[in-house]
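Single-structure report; data block below.
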Amino acid sequence: MPPTPCSLCHTARALVKRPKTGQQVCKDCFFEVFETEVHNTIVEGKGIFERGEKVAIGASGGKDSTVLAHVLSVLNKRYHYGLDLFLLSIDEGITGYRDDSLETVKQNQIEYGLPLKILSYNELYGWTMDKIVEQVGRRNNCTFCGVFRRQALDRGAAQLGVDHIVTGHNADDIAETVLMNIMRGDIARLGRCTAVTTQSEDTIKRSKPFKYAYEKEIVMYAYFKKLTYFSTECIYSPDDLEAIRPSAIVDIIHSGESFQLEQSVQKGMKAMQTCLRCGYISSNDLCKACALLEGLEAGLDRSALRQTQANSSNAPTGHRTIPMFERYSNVGASQPAEGIEKAVQAIEIK
Amino acid sequence: MSCGDIPDGLATEEQGEALMPRRVKVQRFDKSKCQKCRTAKSMYIIRNVTYCKECFSHSLFTRLTRTLHPAMRSTNLTSSELKNKSLASIGGNRPLPQGGSVLIGLSGGSSSIALLDILVEREYIGKGDGRVIDRTKGEKQPVWDRGIILHVDFSDVIENPISKEEDRSEELKKWVEGKGNGLVWVGLKAEDVYDGGLRKKIRGIVGLPKEAEGEERVDGDGVAVDLKNPDLPLFPSSSSSSSTPIDQLRSILSALPAASRPSFLSSILDSLITTTSQIIPDTKHILLAETSTRQAQRLIAGTALGKGYTLPLDLSVINKSSLSITDGSKRDIVRLKPMKDISFKEVAIYTHLRGLNGLVRNARNWDNAGPQGRKGDSRGKGNTRSLESLTEQFIASLAVTHPATVSTINRTGDKLRFTGVKEDEVTCPVCQLPVDPNALEWKSRTALTSLPTKTLPQDIGAVTNGVEQGKDKESLAKMLCYACLTTFTPPTVVSKVARTEVVPIQLPLWVGGNVRDRRREMREEIKGFLIDEE
């Protein structure tokens with residue numbers, strides 16, 4: 001049997017069957033199709049980037065962020081986005097896992113010539129994940145890690161002075177989030193989890209350029225480009241829905257995009273404010289990270305998860321706190337108009 | 001001074017904190033007694049409440065009426081608004097008489113059998129003889145004058161690997177007629193969607209004159225489509241009706257990927273329901289017995305099928321749609337799902353209680369539609385072939401392990417809202433629901449199937465505008481909604497160069513009719529600008 005020609009260029013020999021469409025394509029066409037799809041996501045609508053923007057890539061050393069760093073630097077040159085790219089890594093302090101993956105990030109930094117900033121939980125919160133797990137046990141430790149990481153990324157970005165963080169969330173992740181939010185009844189998140197870019201007034205803009213990129217294609221891209229990435233889990237775990245119909249993942253995202261909430265439901269949502277203790281955006285007086293940290297500092301075990309909102313502005317004496325959050329772009333440019341921020345400045349513990 | 005009794009003004013903050021929090025009273029029930037009547041022996045535990053047989057039936061009926069009655073009072077409320085209305089505010093224990101006919105879908109599963117049984121028992125459906133009710137004799141005013149029972153049989157296209165799928169029409173018909181309530185039995189078959197005489201047949205069954213008085217849409221010859229080409233080019237009907245309807249249905253099922261067959265069959269079911277209600281002029285409501293379990297499955301599966309845009313319509317208790325009867329004149333038909341708040345477990349208990357379990361067959365087996373065991377058919381967990389049956393299994397297991405999650409899924413579904421304007425919207429020729437904007441464009445942008453710089457010239461833009469390929473052919477792909485487009489898209493995009501033979505496959509007649517209607521509407525719009533050929 002003669003080799004199958006690529007169904008895109010019809011000249012080269014097809015090497016892969018695209019997980020997304022089932023088309024048989026050659027290596028070069030696969031790269032081009034993959035990159036073009038990411039480019040389409042980026043320029044969709046008004047586009048997620050502005051010219052000359054400083055953009056931090058949330059880099060874990062895993063496949064998604066490694067490929068993201070590569071593709072973004074390629075596209076930045078090819079389509080003249082004019083972006084200033086940075087790598088931003090968070091060191092959770094997990095021995096045997098994060099220290100190895102950070103080595104990969106450092107290697108990527110050299111390969112792509114992008115400046116790298118590493119921010120550790122230890123330096124920000126005074127705790128590493130190793131220590132947290134020691135105190136709270138293995139169950140539920142992801143809550144701490146997740147809450148802390150989200151805030152750490154924003155703080156790292158603020159320190160770098162960037163306006164925008166891009167993360168390597170792929171289509172599989174987003175489809176999973178859509179289904180999870182339906183099952184948890186989390187209407188607020190269901191409404192916004194499919195947006196390419198999310199931004200509220202006070203946080204740094206976040207985007208997911210890989211919104212329509214399949215996990216398997218990302219692995220495939222990394223494999224053929226021979227990119228170095230760190231992987232500890234099985235990368236080919238089967239996905240049930242995808243096994244039946246490959247397009248199921250984008251179909252879920254399409255559904256998620258079309259979902260609209262009832263007006264009354266939207267009105268009932270909580271308004272955002274800033275944390276009285278650290279100045280980070282929060283839906284309560286005390287942000288989740290401060291509340292969790294207070295529990296840890298008080299020496300609580302798993303019960304640290306059940307944080308209270310009492311006594312919000314001042315931390316109990318002797319407890320370490322998170323430094324005040326300041327947006328780089330906020331300094332000088334736009335002073336907070338009135339109210340809560342000034343009050344916070346007055347009671348800030350220096 | 002007791003702890004909880006500090007005079008006003010004396011309570012300082014410290015004292016306030018020192019108070020013990022009041023203990024919540026925990027009521028303990030005797031689990032062996034029914035918690036409603038407190039006398040009879042309990043038989044069932046539903047959501048931690050024990051019921052005796054009597055109280056169970058009563059509570060089931062109450063919850064049915066909570067959904068059904070407000071829906072008949074007003075059709076403009078959203079489902080969450082309906083929930084907030086008390087029973088009293090919507091007119092007490094019995095809805096106003098509606099007159100006309102009610103069309104009830106009877107699949108033969110527990111929920112539809114239970115629904116019909118309840119409605120007949122509670123005298124909601126009249127005998128269709130226009131008899132005047134004598135209230136002094138304790139007779140109740142029926143809500144609808146006549147009940148029409150629609151059963152669609154799919155047994156001819158299901159290939160059950162173990163034994164031949166049984167045609168249950170006769171068995172169900174016997175049961176329905178045994179009820180002796182003047183119920184009209186309309187038994188259709190899935191392949192009737194290819195039968196030009198379908199309308200005549202239905203008219204015959206319900207006792208209308210065989211020939212419509214020029215007030216009915218004629219489906220005509222229909223069209224064929226090339227299902228191997230992602231553009232889905234349309235062809236005029238190829239086979240001059242030499243093949244039988246069942247052959248035509250089988251050939252389209254085998255041309256569709258296995259994962260798409262269940263959603264195609266559900267479009268067939270929908271269209272048969274719609275057609276029947278169109279023909280019977282006094283149809284007031286269509287009742288479909290979808291349980292909450294089925295609804296949750298519909299929401300998850302619908303999401304995975306890309307139906308997000310129309311899901312809110314699909315899930316709502318009330319779905320009012322204007323059906324065009326002739327050119328111009330429209331009639332409102334309301335679809336109701338009164339079993340929306342009742343779980344599958346509960347209807348199963350009900351059919352058991354009423355001794356109907358011999359009649360009930362719950363498995364739909366749509367997963368086994370079309371030819372089996374073909375090479376290249378993808379299969380998921382538990383040997384499922386479609387997203388529908390995969391989610392069905394998932395929800396069934398969820399209902400056992402996390403019953404609350406199933407209701408959470410439904411509550412999420414209730415909060416979704418349809419954003420389009422239903423009346424003016426262009427509808428999809430297959431599922432007859434509003435089309436989401438730019439389905440084709442969205443699909444081609446997120447999953448590229450051609451590269452402008454590399455792909456050969458004749459393929460360029462074939463997906464987006466179909467200029468070259470099938471130049472004079474209309475493309476069905478451009479008319480479909482996102483979900484139906486996904487259903488019809490071939491699983492593997494075969495290189496167009498390699499294909500030589502085009503095998504158009506006959507589409508069901510209702511699709512052909514809709515496609516022609518669309519053309520005519522477009523022509524109407526540009527009529528003023530067309531130059532006569534003569």
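Given a 1.4 Å probe and the protein chains as shown, residue B:415 ends up with an accessible area of around 70 Å². With both labels modelled 7 Å from their Cα along Cα-to-Cβ, the residue B:331 to residue B:352 distance reads 4.2 nm. Measuring between alpha carbons in the structure, the pairs from B:31/B:415; B:173/B:200; B:201/B:443; A:17/A:208; B:307/B:337 lying more than 30 angstrom apart are B:31/B:415; B:201/B:443.
Couplings for the stretch A:141-155, taken from phi via the Karplus curve 6.51 cos²θ - 1.76 cosθ + 1.60 with θ = phi - 60°, read 5, 5, 4, 4, 4, x, 5, 5, 5, 4, 6, 4, 4, 4, 5 Hz in order; Gly and Pro are left as x. Length gained on full extension, residue B:411 to residue B:396, computed as 0.36 nm times the residue gap minus the Cα-Cα distance: 3.7 nm. Would you count, across the stretch A:28-131, every pair of lysines whose alpha carbons are under 17 angstrom apart, provided the pair is eight or more residues apart or spans two chains? Taking the Cα cut-off of 17 Å, the pair count is 4.
Using a probe of 1.4 Å on the protein chains alone, the accessible area found for residue A:324 is around 50 Å². In this structure, residue B:62 and residue A:134 have a Cβ-Cβ separation that, at R0 = 60 Å, corresponds to a calculated FRET efficiency of about 0.65. Given a 1.4 Å probe and the protein chains as shown, residue A:229 ends up with an accessible area of around 60 Å². For A:17, B:284, the ranking by accessible surface with the largest value first comes to A:17, B:284, using a 1.4 Å probe. Length gained on full extension, residue B:121 to residue B:177, computed as 0.36 nm times the residue gap minus the Cα-Cα distance: 18.7 nm. Accessible surface ranking for B:149, B:246, 1.4 angstrom probe, highest first: B:246, B:149.
Among A:70, A:169, the order of accessible area from largest down is A:169, A:70, computed with a 1.4 Å probe on protein heavy atoms. Per-residue Karplus couplings for the stretch B:67-72, computed as 6.51 cos²θ - 1.76 cosθ + 1.60 with θ equal to phi - 60°, are listed in order as 8, 6, 5, x, 4, 7 Hz, Gly and Pro entered as x. The 3J(HN,Hα) values that the Karplus relation (6.51, -1.76, 1.60; θ = phi - 60°) gives for the stretch B:116-123 are, in residue order, 4, 4, 4, 5, 6, 4, 8, 6 Hz. Gly and Pro appear as x. Inter-label distance, residue A:319 to residue A:50: 3.7 nm, where each label sits 7 Å from its Cα along the C-beta direction. Around the amide H of residue B:320, modelled in the peptide plane, lie the amide H atoms of B:335, all under 5 Å away and 5 or more residues distant in sequence or on another chain.
The values are calculated or read from the model by the stated rules, or taken from the named source; none is laboratory data. Not measured: the values here are computed from a predicted model. Glycine also receives a Cβ, built like all others from the backbone with ideal geometry; neighbour counts cover every protein chain displayed. Protein only, heavy atoms only, side chains kept; ligands, DNA and RNA dropped before computing areas. Shrake-Rupley method; radii C 1.70, N 1.55, O 1.52, S 1.80 Å.
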